[in-house]
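The values are calculated or read from the model by the stated rules, or taken from the named source; none is laboratory data. Note that the structure is a prediction, hence the values are computed from the model and not measured. All Cβ positions, even for glycine, are placed from backbone atoms using ideal geometry, and neighbour counts span all protein chains on display.
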Amino acid sequence: MAHQGEILQEAIKNSGISISKLVQELGITRPTIYRKFKETTLDYSFVQRVGELIQHDFTNEFDTPVQSQLHFTPAPVKQQPALRSVSLQPVDQDPAKALMTLQAKYIALLEAYNELLLKVYGSR
């Protein structure tokens, strides 16, 4: 069975949209998208953004129990700095699951940071 990165790659390939156009719309680099193709588990918000751009619904193709538990959403950019409230999640007893959850949250945070940089400084 193909992992999530491979499923994403195949859907992009079948969409007919070029990688160059896609990465430009996503605000990421080509090496980043190719790294995503190698990942077995992807952040659902990233997959959802790609799906919107290529007009593809990944709902039935991805088994996303870890991603669906994430409650991270990037705050909208405002003129005044906004304080974020942090809610603590119960610690999972399975270390592998806990690690995957943390990894997915970290990736979501990095992507939100990249989006913020693009909004503040624009694409170059």
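Data for the structure
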quantity: Region 1-12, residues that are part of a helix (DSSP H, G or I) and farther than 13 Å from LEU53 by Cα; calculated: GLN4, GLY5, GLU6, ILE7, GLN9, GLU10
quantity: All positions within region 98-124 that are assigned to a helix (DSSP H, G or I) and small (Gly, Ala, Ser); calculated: ALA98, ALA104, ALA108, ALA112
quantity: Within region 111-124, considering residues that are surrounded by 13 or more Cβ atoms within 10 Å (Cβ to Cβ) and aliphatic (A, V, I, L, M), the one nearest to LEU42 (Cα to Cα); calculated: ALA112
quantity: Top-ranked residue in region 57-91 [being in a helix (DSSP H, G or I) and either at pLDDT 55 or above or not hydrophobic (A, V, I, L, M, F, W, C) (or both); ranked as nearest to LYS21 (Cα to Cα)]; calculated: GLN67
quantity: Region 24-41: number of residues that are closer than 20 Å to TYR113 by Cβ, surrounded by 17 or more Cβ atoms within 10 Å (Cβ to Cβ) and free of Cβ contacts under 8 Å to residues at least 60 places away in the same chain; calculated: 3
quantity: Helices (runs of 4 or more DSSP H) contained entirely in region 15-56, each with at least 3 residues that are at pLDDT below 90 and within 11 Å of the chain's Cα centre (by Cα); calculated: 44-54
